[in-house]
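Report on the structure given below.
Laboratory data are not the source of any read-out in this text; all were calculated from the coordinates shown. Just so it is clear, the structure is predicted and the values come from calculations on it, not from any experiment. Don't worry about glycine lacking a Cβ; one is built from the backbone with ideal geometry, like all the others, and counts go over all protein chains shown.
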Amino acid sequence: MKGVEIYRFAIIGLGGLFGLGVVASFAMTADTYLMKPVTQFVWREQGTGSSCNATVLKEAAISQARLIDFASDAAVAVNSYDYYNQATIIGSALRQYFTPSGQNSYVQEVNRTGSPIAFRENFVTQTAYRSGVPNIKEVGFLQGRRFWRVEVPIVQFQQSNVDTRRSDILLTMLIVALRPSEANPNGIGIDSISATQNFNKNES
């Protein structure tokens, strides 16, 4: 008789555990698919770990300092390479700093100002550095997107198997706000670029 009672209690216990498992699974499924996603987070300061208030922004916060750093880094990146790794370095820089239409604009500008084939044939090594403070010339909205027109002065050195040349160039970039992605986490991208000779050579 005791064996029957023990067996009965075991069955009841297992049934109860199974029931709890079913309820827990249903609750997790409902929380995932039926309930609203979590919108409240506890923000903490990076240094101290103490909680702090967060400000919800309608668009990405892009400061002038960040914009200038972005434009400067892009200007140097697309103008520093050599005949051997030209395609690799430029391709990486275009994906990191440019929009798809900006990449086409850069290729057109390179074809206008110089031949990539001649670059390779003459074993050219090119380096560049920023020669002045970038100027945010214009800010506004273009086709619903915020944009900045930025001028970046650079000095470009080209050394070939024949000679060495220095060029003072003013790059004008149209930078637009973007949704950050894995390929471009910056939240901004260069939509067009043009190069002209820089007659103001005051370096800083």
- Scan the stretch 157-204 for residues that are out of contact with any Asp or Glu (no Cβ under 8 Å at 6 or more places or on another chain) and of a type in the set (Lys, Arg) and jot them down. ARG165, ARG166, ARG179
- Task: Filter the stretch 101-132 down to the residues that are within 22 Å of the chain's Cα centre (by Cα) and among the hydrophobic types (A, V, I, L, M, F, W, C), then identify the one that is farthest from VAL76 (Cα to Cα).
- Result: VAL107
- Residues in the stretch 130-144: is at least one surrounded by fewer than 16 Cβ atoms within 10 Å (Cβ to Cβ) and of a type in the set (Ser, Thr, Tyr)? no
- What are the residue pairs meeting all of these: first residue in the stretch 80-99, first residue basic (Lys, Arg), second residue not in a loop (DSSP other than H, G, I, E, B), Cβ atoms under 9 Å, and 6 or more apart or on different chains? ARG95/GLN103
- Qualifying positions in the stretch 118-129 - exposed (fewer than 13 other Cβ atoms within 10 Å of the Cβ) and either of a type in the set (Phe, Trp, Tyr) or over 15 Å from TYR81 (Cβ atoms) (or both): GLU121
- Within the stretch 143-193, how many residues are among the hydrophobic types (A, V, I, L, M, F, W, C) and more than 25 Å from ASP82 (Cα to Cα)? 9
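Would you mention how many residues in the stretch 80-108 are under 17 Å from GLY189 (Cα atoms) and surrounded by 15 or more Cβ atoms within 10 Å (Cβ to Cβ)? Give the steps one after another, and end with the answer.
So the first thing to find is which residues in the stretch 80-108 are under 17 Å from GLY189 (Cα atoms), and the list is 90-107.
Within this subset, residues satisfying the condition of being surrounded by 15 or more Cβ atoms within 10 Å (Cβ to Cβ) are 90, 93-94, 96-99, 102-103, 105-106.
Selection size over the stretch 80-108: 11.
Given the stretch 125-204, what strands (runs of 3 or more DSSP E) lie entirely inside it while holding 1 or more residues that are of a type outside the set (Ser, Thr, Tyr), in contact (Cβ under 8 Å) with a residue 60 or more places away in the chain and under 25 Å from PRO100 (Cα atoms)? Step through it out loud before you land on a result.
Working: elements: 125-130, 135-142, 145-159, 164-177, 188-197.
Those strands (runs of 3 or more DSSP E) span 135-142, 145-159, 164-177, 188-197.
Here is a check on your reading of the model: is VAL162 of a type outside the set (S, T, N, Q), under 24 Å from ILE89 (Cα atoms) and surrounded by fewer than 14 Cβ atoms within 10 Å (Cβ to Cβ)?
So VAL162 passes the test.
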